[in-house]
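For reference, the structure discussed in these notes is given below.
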Amino acid sequence: MNYDYVILDNIALDTINYKINDHIQLFQTKKSNKTILLAYKDYVGFENNIALFLRCLQIALPKISIRLGSEYKPPKESMYEILKNSTGHVMNRYDSPSRDSVDYRSHTINKEDIDSIKRTFEIVVTHNKNMILNEENEFKSNRWGYAYQQYLTACAANTIQDSVLHLITGLETLLVKGSGLLTYKVALNASLILEETEEKREKVFEVIKRMYNLRSKVVHGEVKEMSKQLAASSTYDNYYELKSILSRILVKIYNISEDQVFDRIKTIIFKSPKF
C-alpha cells in the first residue's frame with residue numbers, strides 16, 4: 001500500500017503504535033525513541049493529510065517544539081522536504097555563543113494525549129474544510145482563523161523572540177476588542193476562559209504579563225534587556241506556558257462566535273463577589 005511519512009525526532013510513544021483514524025497511524029521506531037507519522041494514500045481528503053496532522057500535533061502538544069527527522073539525503077519530493085520549514089527545529093537565542101540556549105525537550109505520547117490529539121485533528125480538519133467552502137462561496141475572515149495562523153507561524157519560528165510576537169498577536173486577536181490596556185485585558189480574559197481556581201488564574205495572568213514584557217523589549221529594540229531576559233532559566237518554561245495558553249484557548253472556543261466569547265467573559269466578571 002502506498003503511503004507518505006515523516007519522522008518525529010523528539011516524540012516517542014508509550015506503546016508500539018497508535019491509530020489516529022483509518023488513514024493515519026503513529027509507530028514507535030525500533031532503534032530510537034522517535035516516532036514515524038504514516039499516512040496511507042488510499043484516500044484523497046483531509047483525514048490523511050500529513051501537513052494538517054502535523055498542525056494538529058503542534059496544537060495538541062504545545063510544550064515542545066516538534067522537530068522533523070530526515071533520512072540520509074531525502075528526495076526533494078519527500079514529505080520531510082515539503083514540511084521541514086513548518087516546524088521550529090530549535091528555539092535558540094539569535095545572539096547565543098553556545099548550544100546551551102538550544103531547547104531539546106521531547107515528549108512521550110500516551111493514551112490521554114491521543115484522545116486530545118484526535119479531538120484537535122477533528123477541529124483542524126473541519127476548519128480547513130470550511131475554508132474551502134468559504135473560498136467557493138464568499139470568504140469571510142474571522143478571529144479564530146487568524147489566531148490559528150498566528151499560532152502555526154509561531155511554531156515555525158526558530159527563536160523565542162520571533163515566536164512570542166505571533167503568540168501574543170494570536171491572543172490579542174481572540175481576547176481583545178478595541179485598544180488600551182492590552183496586557184491586562186489579554187491576561188485577565190485568558191485566565192477567566194481557561195481556569196476556575198484563583199491560583200491557576202493568577203498563574204496564567206502572570207505568565208502572560210512576563211511574556212508581554214519580553215515582547216515589549218523585542219518590539220522596541222531593547223537588545224540588552226531582551227538578551228538578559230532570554231538568558232533567564234525560566235524563559236523556556238514561560239514561553240511554552242504561553243504557547244499552551246493560546247493552544248488551549250483555540251481548542252476551547254472553536255466554533256463559538258466572538259460575540260458569545262466576549263459576552264461570556266463579561267458575565268463571569270459581573271458575577272464576581274463584591275469588593
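The values are calculated or read from the model by the stated rules, or taken from the named source; none is laboratory data. Treat the numbers as computed from the prediction; the structure is a model and nothing was measured. Here the Cβ positions follow ideal geometry from the backbone for every residue, glycine too, while neighbour counts run over all protein chains shown.
How many of the residues making up the range 221-253 are at pLDDT below 90 and part of a loop (DSSP other than H, G, I, E, B)? The number of residues fulfilling the criteria is 6. Within the range 156-178, being in contact (Cβ under 8 Å) with a residue 60 or more places away in the chain, surrounded by fewer than 20 Cβ atoms within 10 Å (Cβ to Cβ) and in a helix (DSSP H, G or I) holds for one residue alone: 156.
For the range 179-221, the set of residues classified as surrounded by 14 or more Cβ atoms within 10 Å (Cβ to Cβ) and of a type in the set (Asp, Glu) consists of 195, 206, listed by residue number. Considering the range 1-39, and only residues there that are in a loop (DSSP other than H, G, I, E, B) and acidic (Asp, Glu), the residue that is surrounded by the most Cβ atoms within 10 Å (Cβ to Cβ) turns out to be 9.
What pairs come out if I take residues in the range 101-122 that are within 19 Å of residue 69 (Cβ to Cβ) and pair them with residues that are part of a strand (DSSP E or B) whose C-beta lies under 6 Å away, six or more apart or interchain? Matching pairs, first to second residue: 107/11; 108/12; 109/13. For residue 273, the criteria (1) over 18 Å from residue 150 (Cβ atoms); (2) in contact (Cβ under 8 Å) with a residue 12 or more places away in the chain hold in every case but one, which is (2). Of the numbered criteria (1) at pLDDT 95 or above; (2) of a type outside the set (Phe, Trp, Tyr); (3) closer than 30 Å to residue 128 by Cβ; (4) more than 18 Å from the chain's Cα centre (by Cα), the one residue 259 fails is (1). The set of residues from the range 244-266 being under 15 Å from residue 195 (Cα atoms) and not hydrophobic (A, V, I, L, M, F, W, C) comprises 244, 247, 248, 252, 264.
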